[in-house]
Every structure is written in structure tokens, then in C-alpha cells.
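Worksheet: one structure, shown below.
The values are calculated or read from the model by the stated rules, or taken from the named source; none is laboratory data. Nothing here was measured: the structure is a model prediction, and the numbers come from that model. Only protein heavy atoms, including side chains, enter the accessible area calculation; ligands, DNA and RNA are left aside. Shrake-Rupley method; radii C 1.70, N 1.55, O 1.52, S 1.80 Å.
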Amino acid sequence: MTTPRKTGGGPGAIAAWLRRNAVVLAGLATLAYLILPNVVVMVFSFNKPAGKFNYSWREFSTDAWQDPCGVAGLCGSLTLSLRIAFFATLGATVLGTMIAFALVRYRFRARGAVNSLIFLPMAMPEVVMAASLLTLFLNLGAELGPLTVLIAHTMFALSFVVVAVKARVLSMDPRLEEAARDLYAGPVQTFLRVTLPIAAPGIAAGALLAFALSFDDFIITNFNSGNTVTFPMFVWGSAQRGTPVQINVIGTAMFAIAVLIVVVGQFVAGRRRKTV
């Protein structure tokens, strides 16, 4: 971004500078708008509120950081959310990757219909999907709990994985796999040494998206959890009777971990580009 030239243009020079850098300024303003809630969460994780609600600044304190599990049920709900998110991500990533390869590489009946239906969970309002899943589980006689939440999360995360992996598979050069077969590589060896490494960025992107969606979900979980309390449900329940500072601590830690993963991923990708 350029700086305004020190000329006698006055307001005209400033207006010209703003026009030249309008896109950059808009990008910075959007980034600030997105980051501001996270900054507020970080700041208030060091607050020591006078009452039960952590909504106004009182004084700086690290008590919540020293005892993040000091609130009953918080770490239990967090652990449950992480477990459900992990297994939902694992199931959605495996199934979504296979579906993406099948849709791109093979021709079969109803392929177009399947391709269209994949987008249905993404387009459907979450409350409608939650009510539909609840109806399904009740008609099947299933007991609402962690298992029904896991099934529901895997189902709606599947579509996002398919879209991410499918975009990557479509961009792959088939000549690379043909070259591997010409060099007497078997189907398994070609997939493990050529296809999978090329598709890995799309698979990783889909997995990260699935994990974030599962960990953060409230509406579908609320409908299908029974007496199970995940971390988003714990936060919602706490907001009714008092918001502990430890919630901000957990939110700050999760945000820091996400940023760290992105930074490490960019660093590794940059190192790979330099070595190629």
C-alpha cells in the first residue's frame, strides 16, 4: 500500500491516494471486522468480573488461565466435543474422499443426481436438518446421546469434505498417474505415491473444515443430543445463568491453536515450493 505523496494537492491528493488503495483498505477493514470478536474474547479471558457475567471489564487477572477447568462440567463438555469432532471428521473425511473420487473418476447411473444431492445438506437450513434427523432417530427407536450426535455431525460434514476433495481431484493431471503406471507402479503404489499426495491438500482442507463445523455446531446437536452436553451447549446454558471467564480462556486457546495450524501449514507449503 502506497503512502500519500507530500505535495500541495491537499484533499485532492488524499482522495487520489484513497482511490488507489481502496481495495487494500477494504480488505484491512474486513479483516479487522473478522478479528475483532476474537480480540474481545482474548482480552476478557484476563478479566476478573465482579459478578457471574463476564461482560464488562473490571480488573486484569490470570486466575482463569491458572484454573481453566475450575467451572464444573466445562472441561467434560469440551472433551466430549473434541471426541465427537474427531470421530465425525475421521468418518466424513474417509467417506467424503471416496465419494469425491467416485464422482470424478467413474461414470455410473444417477451420478448427476448424487452430485446434486451432495449439496443438499449445505443448502438446507440447519434447523430443518436437525428436526429431520430427530424424526429419523425417534422412528428408528434410537436413544439420543453422543452416538446420534456423532452420526448427525458426520452426515452434514460429509458434503463439505466432498466439495473440497472433489475440487482438488478435478485439478489433478491424469498424466502423472499414467506416467507412474508406465514405470510399472501397481494401482496401490500409484495411489499411495502419486494420487494421495496430490489430493492431500484438498483432503486436509476438508478435514479441518469438518472438524471446525462439528466442534462449533449447536442447532443440530441441541435437537439430537438428549442429555448430552457438548461445549457449545455448555456455553449457551452458561449464558443464561452466568458466563465464566474460563469460557473465554478455552475460546482463546482454540483460536491460538487454529492460527498455529494455519501458520505451520503455510510454512510447510512454502518450504515445499522452494525445494521443488
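List the aspartates and glutamates whose Cα lies under 19 Å from the Cα of residue 48, skipping any in the same chain that are fewer than 8 positions away.
The reachable aspartates and glutamates, counting only those whose Cα sits under 19 Å from residue 48, are 59, 63, 67.
Just to be sure I understand: with springs between alpha-carbon atoms less than 10 Å apart, which residue in 84, 14, 220 has the highest mean-square fluctuation in the Gaussian network model of the chain?
14
Largest first and in whole Å, give the semi-axes of the range 128-196's equivalent ellipsoid, each being the square root of 5 times a Cα gyration tensor eigenvalue. Could the numbers behind the result be given before it?
Numbers: eigenvalues 338, 38, 12 Å².
So the equivalent ellipsoid measures 41, 14, 8 Å along its semi-axes.
Per DSSP H run of at least 4 residues, take -39500 (n - 2.57); add these up for the chain, divide by its residues and hand me the 222 nm value, nearest 500 deg cm²/dmol. Could you put the intermediate results ahead of the total?
Details: 14 runs with 201 residues, N = 276.
Rounded to the nearest 500, it is -23500 deg cm²/dmol.
Rolling a 1.4 Å sphere over the protein heavy atoms, what is the accessible area per residue of the chain, to the nearest Å²? Please report the intermediate quantities before stating the final value.
Details: 17150 Å² over 276 residues.
Per residue, the chain has an accessible area of 62 Å².
Please state the shape class of the range 1-123: rounded when a/c is under 1.5, otherwise prolate if a/b exceeds b/c and oblate if not, all from the C-alpha gyration tensor. List each step's numbers first, then the result.
On the way: a/c = 3.90, a/b = 1.15, b/c = 3.38.
Oblate is the answer for the range 1-123, as a/c is 1.5 or above yet b/c matches or exceeds a/b.
Leaving out ligands, DNA and RNA, what percent of the accessible area of the chain is carbon and sulfur, probe 1.4 Å? Mind showing how you got there, number by number?
On the way: 11800 of 17150 Å².
C and S atoms contribute 69 percent here.
What's the extension gain from residue 62 to residue 122 if we count 0.36 nm per residue and subtract their Cα-Cα distance?
Working: separation 60, 0.36 × 60 = 21.60 nm, distance 4.05 nm.
Contour length minus the Cα-Cα distance gives 17.6 nm.
Send over the Kirkwood Rh of the range 75-243, from the inverse of the averaged 1/r over different Cα pairs, rounded to one decimal Å.
On the way: mean 1/r = 0.0571 Å⁻¹.
By the Kirkwood definition, the hydrodynamic radius is 17.5 Å.
How much length would be gained if the chain were fully extended between residue 176 and residue 43, taking 0.36 nm per residue of separation minus their Cα-Cα distance, in nm to one decimal?
Values: separation 133, 0.36 × 133 = 47.88 nm, distance 5.02 nm.
Gain on extension, residue 176 to residue 43, equals 42.9 nm.
Using 0.36 nm per residue of separation minus the Cα-Cα distance, give me the extension gain between residue 25 and residue 87 in nm, one decimal. List each step's numbers first, then the result.
Working: separation 62, 0.36 × 62 = 22.32 nm, distance 4.10 nm.
Once the chain is fully extended between residue 25 and residue 87, it gains 18.2 nm.
How high is the relative contact order of the chain, given as a whole-number percent (alpha carbon pairs under 8 Å, six or more residues apart)? Please list the in-between numbers first.
Details: 277 pairs, mean separation 81.9, N = 276.
Rounded, it is 30 percent for the chain.
Report the far tail of the P(r) of the range 7-54, meaning the percent of Cα-Cα pairs longer than 15 Å.
Numbers: 734 of 1128 pairs.
So the portion of pairs separated by more than 15 Å is 65 percent.
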